[in-house]
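**Q** Sending over a structure as structure tokens; questions will come in a sec.
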Amino acid sequence: MRQYLYVTTLLIASLILGFQSATQAQNAQEVFQAAGTPGNPKVQISFNRYYTPDGLEALARKITNAYPDLVKLSSIGKSYEGRELWMLSVTNYKKGVADRKPGFYVDGNIHSNEIQGAEIGIYTAWYLTEMYGENDFITELLDDRIFYIVPTINPDARHHYMKEVNSPNSPRAGLIPLDDDLDGFFDEDGFDDLDGDGSVTSMRRKSALGNYIVDPQDPRKMIAVGPDDVVTTQRYELLGGEGIDNDGDGRVNEDRKGYYDPNRDWGWNWQPDYIQRGAYKYPFSVPENRAVADFIKAHPNVAGAQSYHNSGGMILRGPGAREDVDTYNRADVRVYDAIGKKGAKLIPGYRYLVVYKDLYSVFGGELDWFYGGRGIYTFTNEIFTSFAYYKNKERNRNQRYDFDKELIFGDAFTDWKEYDHPTYGLIEIGGFKKNFGRNTPGFLLEEECHRNMAFTLYHAWHMPKLSISDVTEKSIGNGLTEITATIRNERLIPTHASQDLKYNIERPDYVTLSGANVLASMIVDNDDFGVTTEQLTKTPEKIRVENIPGVSFVKVRWIVKDKKNIKITVDSAKGGIVSR
Amino acid sequence: MIKKTSYLWIATACYMLLSIAAYAQNDYPDNSQLRQRLQKLASQSSNASLQSLAKTEGNNDIWALTLSEGNADEKPAIAVFGGVAGHHLLGIDLAVRFAEDIVANNKELLKTTTFYVFPNMSPDASAQYFSQLKYNRQANASKTDDDRDGAVNEDPFEDLNGDGVITIMRIEDATGEYISHPSDARILIKADKQKGQKGKYKVISEGIDNDGDYQWNEDGPGGINFNKNMSFKFPYFESGAGEHPISEIENRALLDFLYTKWNLYAIVSFGPQNNLSVPLKHNPAGTSKRVITSILKDDAKINQMISDQYNEATGFKGGKKNTGSGGDFFQWAYFHFGRLSLSTPGWWIPEMKIPKEDSVTVPNKDKNPEVNFLRWAEKEQLTNYFTEWTKVDHPDFPNKTVEVGGIHPYVMINPPYNLVEDISNKNNAFIYQLAAMQQNIRIVNVETKATDKLLTRITAEIYNDGLLPTHTQMGDRSRWLRKIKVAIETGNDQVILSGKKIELIDRIDGDQSMTVSWLIKGKGTVKITAGAAHTGNDEITVKLNN
């Protein structure tokens, strides 16, 4: 039916647009669906290339225009340079109140050169909308959850990375200028693309004093020579990244764009730059992060979150800092482990790790604020690993050279060429281009997007799902009735993480009875032995439940008189609203 | 006719305004009086410029006054703060009086030091002092769920005895923990079982349990404290702290301003914290971990020196140390901003001694500050500082004896207004002394020596003429204080054969120097500059030896 409608629409559109759109999508007769991928999507997107912030916005608009009942596009704020931070809010808007459903937040690209997250975000929004109504799992997800997807939370530097002079590793920072060398000037000595290949590669110079030689079997490679090596060929010295001494202070590239690290800026156990290199002025002094924090504070329904970085093939959880070890207690670690280990299975080559002990100990990271400050279970994925080159776990630096030669036919490397440098004289410039090494190569990108999305959907599936069951009424004499109900949480994630419970970050869940005069209420701790805890309140109809644990339940009881049509409503910030 | 009438009206209005302005103040300024004083200062002096950094949630201005002769941002600067705590009205007045005094009596200083004065960082809270219901409010007007139960402002104070101030309630109850103080029965203290004492009263702040949760007044109007919302040791999820550091408009606006002031080297706060009458001590355990929690060794020495100056300049005695609390401004300014951070309440109640001939008064053996306050207040013949215990009918305790009474809010940290002028003069004298110790980079002992007709060696000393170091030890670690930049400008026919064109020096201690030298080939003159905005700059032109 849907296909038929689509074809009709397409025909009408073709008549209006003079068959232009026929080049956009295939005729249904011309295609055959590959399992697990939208067979003939309304919105055509190539997931074998990357998109600038303008490109991402155009894709977001296409998806939103195609599925107005499933996606709303909004901006959560502006970047330093004034770009909008676009968010796609994806849910079935025809069912329930969108912002009261358990919410899952997704962002990418906090580090400027770590770009894949944006494509994963777009892929997720695209997949969810194209598969809604086609696939039961996706349909259920959008019926009772909402996804808040911000493909890039760092559009300025994404644009800079793609369009300006950069290496695979630059910029990591956002674009707010900083005086890195404390000489009173800002960003006055950055990289220079001397050979005009669009990337910052390396500089080398022939020198009898150098400690490198060219690999005789592969002229792209440099080999370090040791004190015992007998060198019979030309020695070279390496002169660092491509650039000149722009400010004449005798140093090259010492005050580049930035430098601050947007992922050292978050308001949980934040530390200043002298303790945590990369911190900016104060927590959330980076405007893009501030916009995210304001959104999250205004959306207490967010119960899970994912941030995409690159690279290394890691699924990371907090704590980020060794000093924060006690923040993560056993109950929460169990939830993290269940989801994280599943991720390691879904994304071959990726490892499930803990930031502070497996990576580095770091303050002020995004995932720590989400968990420590808001009680939201959050993962950071480091997208792409050299595993992908030949689908094996061998970590060998030759792999990327082989891959470049054998699978992408030398597209990733700029061969060494002579250049007359104003300070160094005759040098050679060459090396891997900026789109190689950290960015997933084109033909692998769709798989990367899909597997990471699948992990995120698994996480989102396990956000709390509440139901009311076993409602019983028992007369206890003198016109009084005891009403008991069971509130179930069918999924892994509790309505309140233990960090949340420890500090009452989020309000309790309310279980409210209407349609009777409620005299008293209690939580039933043990029904068999009649152990209960009475609620001390002037409003006993509204029971405050501190938590509804994962794959578990809470029993509540009211003592009422003058009973009419009773209705029970569960109102949980992270678990949504259900009534019976 | 109509016109004439309106002129008359305007004239009358002007006269009334003038007479208000001319009338001597007899109480602390409220927000509109503060604004008038600041605007008057800015309009009457070319050395003062006033800006509002932001409007708070309660729609009050956060004022920043810049006092300077010449280019303000190029000279070393001290920032002076009032209203760090919203119930400390004295601090507000001391800050604005300082600004008024320097413009009127010490303008010369503005040639060498810029002052940024922020008279009230807690205008939403301080306004409570002037309202119908007075209580020690420190929180701004942000709407917060103080007890994190999902309801906002559902259980405020109530003025049960109708005296316009919130004091405390004592409820006679065997389970209570409090008894009367032995030297003044009006004051309640915790019973000490070790001394054979049993509690007699429950003590709760004045009000009723509006939401029936058996907690009293736990979630009233507001808000977040300016002095609890900063990032050093931020007290997460405590009432009044905010959801994360620097969440509030005023905190953020201030920091955005301060981070543009590269010339700022010291911050003087009039607030609860006190490292002026008693200096901070270096604690090695607090500096051995990644997160530093103790003042660094060299900085502790500077603090000691400045503290001595404070006690000498003010003549104050008996000030209690207050090394700070989580999220406060004073510690932030040092630990996270790297500046010399100095704080004083500006005034405290002197310790009352019992005259030898007095055999009636019971000695205040445990130096209870409330007992001491009452004795001082009596001697100073204050009025309206204590509400005698009187019975009230309390809905939450129907069968119990409930009395409302106690020391009024504000009175223990804000002296009667007639004392403020003297207090202000003494604190101002200290700030002037601090400025006199200011670091000051100069280029001295410049020598040139010809090694050949065309070769000149220049040596010079970069000297810190002040008593303070150019950078606190903490500031030396911070990226938010610039290095001392020594640069030489050479002409077209001159070549630097040795020595750096630009040299960056981390830090020069008070009354210390560093030697720099260059070997230059060429004729004519070269220019040498040294300094940074917060250290002062110097420049000289040197004739090459030929």
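**Q** Within region B:242-284, which residues are within 11 Å of another protein chain (Cβ to nearest Cβ) and part of a loop (DSSP other than H, G, I, E, B)?
**A** Residues satisfying the conditions are B:242, B:243, B:244, B:245, B:246, B:247, B:259, B:260, B:262.
**Q** What residue, among those in region A:297-310 that are assigned to a strand (DSSP E or B) and among the small types (Gly, Ala, Ser), is nearest to the chain's Cα centre (by Cα)?
**A** Taking the candidates together, the pick is A:307.
**Q** How many of the residues making up region A:502-555 are away from chain B (no Cβ under 14 Å) and basic (Lys, Arg)?
**A** Count: 1.
**Q** Take the residues in region A:450-485 that are assigned to a strand (DSSP E or B) and under 30 Å from residue A:328 (Cβ atoms), then tell me which one is nearest to the chain's Cα centre (by Cα). Write out each step before concluding.
**A** Restricting attention to region A:450-485, the residues satisfying the condition of being assigned to a strand (DSSP E or B) are A:466-477, A:480-485.
Okay, now just the ones that are also under 30 Å from residue A:328 (Cβ atoms), so A:466-467.
Values: A:466: 26, A:467: 29 Å.
In this case the residue turns out to be A:466.
**Q** Now for a different question. All but one of (1) within 14 Å of another protein chain (Cβ to nearest Cβ); (2) surrounded by fewer than 18 Cβ atoms within 10 Å (Cβ to Cβ); (3) in contact with a Pro (Cβ under 8 Å, 6 or more places away or on another chain) hold for residue A:356, so report the exception by its number.
**A** (2)
**Q** Taking the conditions exactly as written (within 14 Å of chain B (Cβ to nearest Cβ), out of contact with any His (no Cβ under 6 Å at 6 or more places or on another chain) and within 19 Å of residue A:174 (Cβ to Cβ)), does residue A:325 satisfy them or not?
**A** On the way: within 14 Å of chain B (Cβ to nearest Cβ): yes; out of contact with any His (no Cβ under 6 Å at 6 or more places or on another chain): yes; within 19 Å of residue A:174 (Cβ to Cβ): no.
When the stated conditions are applied, residue A:325 does not pass them.
Yes or no, residue by residue, for (1) away from chain B (no Cβ under 14 Å); (2) at pLDDT below 95:
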{"site": "A:339", "(1), (2)": "yes, no"}
{"site": "A:347", "(1), (2)": "yes, no"}
{"site": "A:352", "(1), (2)": "yes, no"}
{"site": "A:360", "(1), (2)": "no, yes"}
{"site": "A:365", "(1), (2)": "no, no"}
{"site": "A:386", "(1), (2)": "yes, yes"}
{"site": "A:402", "(1), (2)": "yes, no"}
{"site": "A:406", "(1), (2)": "yes, no"}
{"site": "A:418", "(1), (2)": "yes, no"}
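**Q** Could you tell me which residue of region A:131-187 is farthest from the chain's Cα centre (by Cα), considering only residues that are among the β-branched types (Val, Ile, Thr) and buried (at least 24 other Cβ atoms within 10 Å of the Cβ)?
**A** To start, the set of residues in region A:131-187 that are among the β-branched types (Val, Ile, Thr) comprises A:138-139, A:146, A:149-150, A:152-153, A:165, A:176.
If we keep only those that are buried (at least 24 other Cβ atoms within 10 Å of the Cβ) as well, we get A:146, A:149-150, A:152-153.
On the way: A:146: 15, A:149: 8, A:150: 8, A:152: 9, A:153: 10 Å.
Ranking the candidates gives A:146 first.
**Q** Still on this structure: Do we have any residue at all in region A:90-108 that's polar (S, T, N, Q), at pLDDT 95 or above and assigned to a strand (DSSP E or B)? Can you show your working first?
**A** Within region A:90-108, the first condition is being polar (S, T, N, Q), and the residues that meet it are A:91-92.
Subset that is at pLDDT 95 or above: A:91-92.
From what is left, the residues that are assigned to a strand (DSSP E or B) are none.
No, region A:90-108 contains no residue that is polar (S, T, N, Q), at pLDDT 95 or above and assigned to a strand (DSSP E or B).
**Q** Can you pull out the residues in region A:387-419 that are within 25 Å of residue A:163 (Cα to Cα), over 30 Å from the mean Cα position of the chain (by Cα) and either of a type in the set (Asp, Glu) or part of a helix (DSSP H, G or I) (or both)?
**A** Selection gives A:415, A:418.
**Q** Since residue A:342 meets every condition but one in (1) buried (at least 17 other Cβ atoms within 10 Å of the Cβ); (2) under 17 Å from residue A:373 (Cα atoms); (3) among the charged types (D, E, K, R), which condition does it not meet?
**A** Only one criterion is unmet by residue A:342, namely (2).
**Q** Next up: Only one of A:414, A:423 is closer than 24 Å to residue A:158 by Cβ and out of contact with any helix residue (DSSP H, G or I) (no Cβ under 8 Å at 6 or more places or on another chain); which? Please lay out each step first, then the result.
**A** Details: A:423 fails: closer than 24 Å to residue A:158 by Cβ.
The unique qualifying residue is A:414.
**Q** Determine whether residue A:228 is among the charged types (D, E, K, R), free of Cβ contacts under 8 Å to residues at least 40 places away in the same chain and assigned to a loop (DSSP other than H, G, I, E, B).
**A** Working: among the charged types (D, E, K, R): yes; free of Cβ contacts under 8 Å to residues at least 40 places away in the same chain: yes; assigned to a loop (DSSP other than H, G, I, E, B): yes.
Here the answer is yes, as residue A:228 does meet what is asked.
**Q** I would also like to ask the following. Just to be sure before I move on: is residue A:294 surrounded by fewer than 22 Cβ atoms within 10 Å (Cβ to Cβ), part of a loop (DSSP other than H, G, I, E, B), of a type outside the set (Val, Ile, Thr) and on the phi < 0 side of the Ramachandran plot in the structure I sent? Can you show your working first?
**A** Details: surrounded by fewer than 22 Cβ atoms within 10 Å (Cβ to Cβ): yes; part of a loop (DSSP other than H, G, I, E, B): no; of a type outside the set (Val, Ile, Thr): yes; on the phi < 0 side of the Ramachandran plot: yes.
The answer is no for residue A:294.
**Q** Suppose we filter A:242, A:288 for residues that are within 30 Å of residue A:335 (Cα to Cα), in contact with a Leu (Cβ under 7 Å, 6 or more places away or on another chain), away from chain B (no Cβ under 14 Å) and in contact (Cβ under 8 Å) with a residue 12 or more places away in the chain; which single one remains? Steps first, please.
**A** Details: A:242 fails: within 30 Å of residue A:335 (Cα to Cα).
Sole residue among the options that is within 30 Å of residue A:335 (Cα to Cα), in contact with a Leu (Cβ under 7 Å, 6 or more places away or on another chain), away from chain B (no Cβ under 14 Å) and in contact (Cβ under 8 Å) with a residue 12 or more places away in the chain: A:288.
**Q** Taking into account only those residues within region B:188-221 that are under 20 Å from residue B:134 (Cα atoms) and of a type in the set (A, V, I, L, M, F, W, C), which is farthest from the other protein chains (Cβ to nearest Cβ)?
**A** As a first pass, look at region B:188-221 and keep what is under 20 Å from residue B:134 (Cα atoms): B:203-210, B:216-221.
Remaining after also requiring of a type in the set (A, V, I, L, M, F, W, C): B:203-204, B:208, B:216.
On the way: B:203: 21, B:204: 16, B:208: 11, B:216: 13 Å.
Checking each candidate, the answer is B:203.
Residue by residue, here is whether (1) at pLDDT below 95; (2) at positive phi; (3) polar (S, T, N, Q) holds:
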position	(1), (2), (3)
B:440	no, no, yes
B:443	no, no, no
B:492	yes, no, yes
B:500	yes, no, no
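**Q** Which one is farthest from residue A:280 (Cα to Cα), of the residues in region A:343-357 that are in contact (Cβ under 8 Å) with a residue 40 or more places away in the chain and in a helix (DSSP H, G or I)? Step through it out loud before you land on a result.
**A** Applying the first criterion (in contact (Cβ under 8 Å) with a residue 40 or more places away in the chain) to region A:343-357 yields A:343, A:346-349.
Imposing the further condition that a residue be in a helix (DSSP H, G or I) reduces the set to A:343, A:346.
On the way: A:343: 32, A:346: 36 Å.
Here the residue is A:346.
**Q** I would also like to ask the following. Taking the condition in contact (Cβ under 8 Å) with a residue 24 or more places away in the chain, surrounded by fewer than 20 Cβ atoms within 10 Å (Cβ to Cβ) and either in a loop (DSSP other than H, G, I, E, B) or under 32 Å from the mean Cα position of the chain (by Cα) (or both), does residue B:410 pass? Walk me through how you get there before you give the answer.
**A** On the way: in contact (Cβ under 8 Å) with a residue 24 or more places away in the chain: yes; surrounded by fewer than 20 Cβ atoms within 10 Å (Cβ to Cβ): no; either in a loop (DSSP other than H, G, I, E, B) or under 32 Å from the mean Cα position of the chain (by Cα) (or both): yes.
In short, no.
**Q** Still on this structure: Name the pairs whose Cβ atoms lie under 6 Å apart, with the first residue in region B:381-394 and over 16 Å from residue B:409 (Cβ atoms), the second assigned to a loop (DSSP other than H, G, I, E, B) and not polar (S, T, N, Q), and 6 or more positions between them or separate chains?
**A** Between residues of region B:381-394 that are over 16 Å from residue B:409 (Cβ atoms) and residues that are assigned to a loop (DSSP other than H, G, I, E, B) and not polar (S, T, N, Q), the close pairs are B:392/B:160.
**Q** While we're here: Can you tell me which residues in region B:233-258 are within 17 Å of residue B:138 (Cβ to Cβ) and among the small types (Gly, Ala, Ser)?
**A** B:239, B:240, B:241, B:242, B:247
**Q** Limited to region B:310-324, what total is found for residues that are surrounded by 18 or more Cβ atoms within 10 Å (Cβ to Cβ) and in a helix (DSSP H, G or I)?
**A** Within region B:310-324, residues that are surrounded by 18 or more Cβ atoms within 10 Å (Cβ to Cβ) and in a helix (DSSP H, G or I) number 3.
**Q** Quick check on my filter: what residues within region A:24-48 are touching a residue at least 60 places away in the same chain (Cβ under 8 Å) and loosely packed, with under 11 Cβ neighbours inside 10 Å?
**A** A:36
Let's see how each residue does on (1) part of a loop (DSSP other than H, G, I, E, B); (2) of a type in the set (A, V, I, L, M):
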| site | (1), (2) |
| --- | --- |
| A:114 | yes, no |
| A:138 | no, yes |
| A:153 | yes, yes |
| A:158 | no, no |
| A:162 | no, yes |
| A:167 | yes, no |
| A:172 | yes, no |
| A:178 | yes, yes |
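Residue by residue, here is whether (1) among the aliphatic types (A, V, I, L, M); (2) within 16 Å of residue A:432 (Cα to Cα); (3) modelled with pLDDT under 95 holds:
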site	(1), (2), (3)
A:187	no, no, yes
A:195	no, yes, yes
A:201	no, yes, no
A:235	no, no, no
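**Q** Moving on to the next point. For residue A:252, only one of the following conditions fails: (1) of a type in the set (Val, Ile, Thr); (2) surrounded by fewer than 24 Cβ atoms within 10 Å (Cβ to Cβ); (3) farther than 30 Å from residue A:239 by Cβ; (4) more than 10 Å from chain B (Cβ to nearest Cβ). What is its number?
**A** (3)
**Q** Taking the condition of being touching a His at 6+ places or on another chain (Cβ under 7 Å) and either without any contact (Cβ under 8 Å) to a residue 24 or more places away in the chain or within 11 Å of chain B (Cβ to nearest Cβ) (or both), how many residues in region A:255-283 meet it?
**A** Selection size over region A:255-283: 3.
The values are calculated or read from the model by the stated rules, or taken from the named source; none is laboratory data. All values derive from a computational prediction rather than experimental measurement. Every residue, glycine as well, gets a Cβ built from its backbone with ideal geometry; the counts of neighbours run over all protein chains shown.
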